[in-house]
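Structure record follows, encoded as structure tokens.
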Amino acid sequence: MTGRHAALGAQHAAPKPRHGAGIRRQIARRLSWGIADQAVSSLGNFLLGVFVARLLGATSLGALGLAFVAYAVALNCSRALATDAVMVRFSAAGKDSWRTAVAAATGVALLVGAAGGAACVAAGLVWRYHSPGSDAAAAFVALGIVLPGLMLQDSWRSAFFAAGEGAKTFLNDSVWTVLLIGLLALGAAVDIGGGITFAILVFGGTATVAGLFGAWQARILPRPAHALGWLNSHRDLGTRFLIENVVLGAGGQIRALVVAATGGLAAAGAIRGAEMLIGPVAALLMGVGQVAVPEAARALARGRRPLARLCLALSGGLALMGVAWGLVVVVLFPFGPGELLLGAVWPDARALTVGVIVSYAAGCLHVGPSAGLRALGRADLTMQCQLTVTGLFVALAAVGAILFEAQGAVWGTAIASVAGSWIWWSRLRKAQRSHFADQEEVLA
């Protein structure tokens, strides 16, 4: 079943509100669960960064940033091969179909985590051989150990949102965050030691517990044995989404490596610190992004105008909130909150905040057209957009880093994000014209 067929099937699979106000309330409720869930998840990530910044310093924070880039690459691979198809094709499916799909998809996620974890451990050991005592090497080894659990936990997030059960996702991420905060606080209080290794093992270990809790919530066991069948059934989406997501993750990794090579881990840590300050924007961006594709599929089932309005509302609303939070950071954080959160990293991070704000606000404008294209089943165009925009991102960030270190990398990224907004929206308009022209021919 194609993404377009899945979207059209939503008309018959779910009860429809009788008027626009009812539809808007349902959308707002589902979006609110996405935002609430991401707020909880981002809180854990943010406090992990604060723990590392204040207790371990800029070098360890830079190592954490590199490990998080590798984590993001693995996450993008897992979503492309496993759960993106669940979001596109099973958001309005029957319960039995959803359960079968989720069992296979979570099994794929576990296998991706195992393969990615082995690669991270190998990379960390090689790094340690060439640079004994390196924080980055320790971070990669620790990440590799816990990566399967991290991938499993994330797969439940997508599965529950596809079923319209955002409350279960929120509960699962809340369990993870509470465990994470508790163990980090214990580590800080009694000085357990272990440095960056302890921090990442706690991060991934608590995610593994939450992943097992997700299996209990759904009453579904992951089925790695069904992975091959799943990949074959959804290779038309999976291959393109994999290329798209890997390119996106690789772009961030290249930027981090170039900054670390030109300015050192401390410069990479400063960028990570500045991005932490924009955490609420990132939380909104990712929270809405989690539910944007199912919502776009439902809007498409109602017609061209509902899809266009939803995409505009998603991008415009996120961008406005991004700018608003950016003003709070620029105006208020120099008077104490910045130093309180980042400690010695704050002075360097402060100089990068404006560029990071511009980059994130422009990135918010990509959410609407990305969701619309996926709902239309146009994985070819989403891949085209991502390749083009990431190419700009890497080129401009790398040139900026070489010329102006961290400051240049941040502003190169911002320029690429602004240009990318036009690229995404132009492709969405093209896809809408094609889709509805084909539909009119069929009706004629």
Keeping to region 208-222, report how many residues are open to solvent by 30 Å² or more (accessible area, probe 1.4 Å), touching a helix residue (DSSP H, G or I) at 6+ places or on another chain (Cβ under 9 Å) and either of a type in the set (A, V, I, L, M, F, W, C) or under 21 Å from Gly377 (Cα atoms) (or both).
4
Kindly check whether there is at least one residue in region 16-39 that is among the charged types (D, E, K, R), open to solvent by 10 Å² or more (accessible area, probe 1.4 Å), assigned to a loop (DSSP other than H, G, I, E, B) and at pLDDT below 80.
yes
Being at pLDDT 90 or above and out of contact with any strand residue (DSSP E or B) (no Cβ under 7 Å at 6 or more places or on another chain) narrows it down to one of Gly211, Gly187, so name that one.
Gly211
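Condition check ((1) crowded, with 24+ Cβ neighbours inside 10 Å; (2) farther than 24 Å from Ala109 by Cα; (3) not acidic (Asp, Glu)) across all residues:
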{"residue": "Ser155", "(1), (2), (3)": "yes, no, yes"}
{"residue": "Ala159", "(1), (2), (3)": "yes, no, yes"}
{"residue": "Glu165", "(1), (2), (3)": "no, no, no"}
{"residue": "Phe170", "(1), (2), (3)": "no, no, yes"}
{"residue": "Val175", "(1), (2), (3)": "no, no, yes"}
{"residue": "Ala188", "(1), (2), (3)": "no, yes, yes"}
{"residue": "Ala199", "(1), (2), (3)": "yes, no, yes"}
{"residue": "Val202", "(1), (2), (3)": "yes, no, yes"}
Restricted to region 223-281 and to residues being out of contact with any Gly (no Cβ under 6 Å at 6 or more places or on another chain), on the phi < 0 side of the Ramachandran plot and not in a helix (DSSP H, G or I), the residue surrounded by the most Cβ atoms within 10 Å (Cβ to Cβ) is His234
Here is a check on your reading of the model: is Arg304 more than 25 Å from Thr83 (Cβ to Cβ), in contact (Cβ under 8 Å) with a residue 12 or more places away in the chain, surrounded by fewer than 17 Cβ atoms within 10 Å (Cβ to Cβ) and among the basic types (Lys, Arg)?
yes
Would you point out which residue out of Ala406, Ala398, Ala416 is farther than 20 Å from Gly65 by Cα and open to solvent by less than 40 Å² (accessible area, probe 1.4 Å)?
Ala416
Restricting attention to region 82-112, the residues that are open to solvent by less than 30 Å² (accessible area, probe 1.4 Å), assigned to a helix (DSSP H, G or I) and touching a helix residue (DSSP H, G or I) at 6+ places or on another chain (Cβ under 6 Å) number exactly 17
Looking at region 392-411, which of its residues are among the small types (Gly, Ala, Ser) and free of Cβ contacts under 8 Å to residues at least 60 places away in the same chain?
Ala395, Gly400, Gly408
Say whether the condition of being under 22 Å from the mean Cα position of the chain (by Cα) and open to solvent by 20 Å² or more (accessible area, probe 1.4 Å) is met by at least one residue in region 368-376.
yes
Pairs, please: C-beta under 8 Å, at least 6 apart or cross-chain, first residue free of Cβ contacts under 8 Å to residues at least 40 places away in the same chain and in region 168-180, second open to solvent by 70 Å² or more (accessible area, probe 1.4 Å)?
Val175/Val209; Leu179/Val209
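The values are calculated or read from the model by the stated rules, or taken from the named source; none is laboratory data. Everything numeric in this text was worked out from a predicted model, so none of it was measured. As a convention, Cβ positions derive from the backbone with ideal geometry for all residues, glycine included, and neighbour counts pool all protein chains shown. Just the protein is used for accessible areas: all its heavy atoms, side chains included, with ligands, DNA and RNA removed. Shrake-Rupley method; radii C 1.70, N 1.55, O 1.52, S 1.80 Å.
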